[in-house]
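Quick notes on the structure that follows.
The values are calculated or read from the model by the stated rules, or taken from the named source; none is laboratory data. Since this is a predicted model, take the numbers as computed values, not measurements. When we count neighbours, we look across all protein chains shown, and the Cβ atoms used for this are built from the backbone with ideal geometry, even at glycine. These accessible areas exclude ligands, DNA and RNA; they are computed on the full protein's heavy atoms, side chains included. Shrake-Rupley method; radii C 1.70, N 1.55, O 1.52, S 1.80 Å.
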Amino acid sequence: MASFALFLFTLLVLSSSRCSAVPNNKTMLSLASRIGINYGKLGNNLPSPYQSINLIKSIKAGHVKLYDADPETLMLLAQTNLYVTIMVPNDHIISIGSDQSAADNWVATSVIPYYPATRIRFVLVGNEILSYSSDQDKQIWTNLVPAMRKIVNSLRARGIHNIKVGTPLAMDVLRSSFPPSSGTFREDVAAPVMLPLLKFLNGTNSFFFLDVYPYFPWSTDPVNNHLDYALFESNLTYTDPQTGFIYTNLLDQMLDSVIFAMTKLGYPNIRLAISETGWPNSGDIDETGANVLNAATYNRNLIRKMTANPPLGTPARRGSPIPTFLFSLFNENQKPGSGTERHWGILNPDGTPIYEIDFSGTRPVNSFGSLPKPSNNVPFKGNVWCVVAEGASEAELGQALNFACGESNATCAALAPGRECYEPVSVTWHASYAFSSYWAQFRNQSSRCYFNGLARETTTNPGNERCKFPSVTM
């Protein structure tokens, strides 16, 4: 993947002198011909940055995307041929957007000490900021493009022209995405945020960075949506009724819906980059289709598609290369939310592969070893309980028990002395009952069986004849 570095450097140096957003196919092919990897660190069991970077090199990724500008990681990356993307945290955007000196300070501390020895090629300002809409978030929206512009000003003032600036957005930036030709940005962001953002990206010849996950739209209706279509394995096609474009996979539909949304605002040629995509290798019991086989199938086929030469593009942009970052390097066990949030990795924390994958895209997909046949490609039907996870700390369980029982008088009534679930008297037993009871009571309010990593779901009834644990019916 060292060749990827030279290719990307060539592209960005050449493109920095152009004002048009129309891609140069030769240099774009160089950029997109290898796959990048997202390196997140929200886990308490992950390898050190030094070990992680060696693992990134071992899988032959050509570009690594960070979620910060961590000094140790950036210093270590100087010893590699990897190209690097760094990120401005969401909570820095308001200050940088309103003050050029804040942008200068950020560049002075996050770029200058490492560049050019560390091959930084993208600075991403924020992460999916349009997915949040509190009053504070809307202040961040207002400052997004000013912050991006000030970062560019600071880079150029230092003679740096081959670092592009962008921002990754999720698919929820769209009001409509199906059929692809109906792609339209949400009304609350179209004029105040998207128009100035697209003008900026066009003027700096940068990319529209998109976090795009076919797993999510497929999993909303896994009975009627075709899994093979989401995994690039289907013979089925979909024809857009307005354009006549024929689609063979769900990812292309999603990408083209963004292209059509940009076109409707007057920017048809801004280049797409996929800042995150992937498929979960596991998840909660009700998260259908989250398994190792589907994750391996999606990611292997994705790489084959994105490394094709000549490039395939999408039906709306035939032959257009799309720089792509796979999500993610590791399963991150401290990410909050549903189980899938902690299961997007391609490697275990010890560096062993969760499944085989070839970042070059040259290995035939059918040459990989067999993987276990999944049992969760259809929705689970039955009862599920929430119990203490193996290895949970008793001290932390005590705090979680107090939280669960403190939310409602009914949650832990059965644990009172003399009541049906009081015995056996142990923190693990009481916490398992409290977790199940709390989850059953509050699941409709988006409660999860997680409790900061102390809980897990089970289909095995943990109760007994005397003590009946509350359950959730799927």
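Quick notes on this structure:
- Taking trypsin sites (Lys or Arg not before Pro) across region 257-365, none is in a DSSP loop with at most 13 further Cβ atoms lying within 10 angstrom of its Cβ.
- The mean sequence distance of close C-alpha pairs (under 8 Å, at least 6 residues apart), as a share of the length of the chain, puts its relative contact order at 15 percent.
- Its residue count N sets the reference 2.2 N^0.38 Å, and the alpha-carbon radius of gyration of region 154-290 equals 1.18 times that reference.
- Ranked by the mean number of other Cβ atoms within 10 Å of their residues, highest first, the peptides 150-160, 53-63 fall in the order 53-63, 150-160.
- Listed by chain and number, the lysines whose C-alpha is less than 26 Å from the C-alpha of LYS57, apart from same-chain residues fewer than 8 away, are LYS26, LYS41, LYS65, LYS164, LYS305, LYS335.
- Our note on the geometry: Cα centres of region 299-313 and region 320-363, 17 Å apart.
- For region 298-372, GluC sites (Glu not before Pro) meeting the loop criterion (DSSP other than H, G, I, E, B) and having at most 13 other Cβ atoms within 10 Å: GLU356.
- Whole-percent carbon and sulfur share, accessible surface of the chain, 1.4 Å: 51
- Each Lys and Arg contributes +1 and each Asp and Glu -1, all at the Cβ; summed about the Cα centre of the chain, the dipole is approximately 1800 debye.
- 25 Å Cα-Cα reach of LYS381 towards lysines, excluding residues that sit fewer than 8 places from it in its own chain: LYS373, LYS468
- Values of log10 I(q)/I(0), in the order q = 0.07, 0.08, 0.09, 0.13 Å⁻¹, for region 25-347 under a Debye, Cα-only, solvent-free model: -0.27, -0.35, -0.45, -1.00
- Annotation note: GluC sites (Glu not before Pro) in region 361-399 located in DSSP loop regions with a Cβ neighbour count of at most 16 within 10 Å are GLU390.
- Selection from PRO217, PHE260, THR237 lying farthest towards where the dipole of region 200-336 points positive, charges on Cβ: PHE260
- Cβ-defined net charge surrounding ARG175, 10 Å radius [Lys, Arg +1; Asp, Glu -1]: -2
- Calculated mean residue ellipticity at 222 nm for the chain: -10000 deg cm²/dmol, from DSSP H runs with n ≥ 4 weighted as -39500 (n - 2.57), summed, divided by the residue count and rounded to 500.
- Over all other residues within a Cβ to Cβ distance under 14 Å of ALA400, the charged ones net out to -1, with Lys and Arg as +1 and Asp and Glu as -1.
- Cα-Cα pairs of region 191-236 separated by more than 12 Å (percent): 70
- Hydrodynamic radius of region 380-467 by the Kirkwood approach over all distinct alpha-carbon pairs: 13.0 Å.
- 0 to 90° range, to nearest 10: angle between helix 49-58 axis and the chain longest Cα axis: 70
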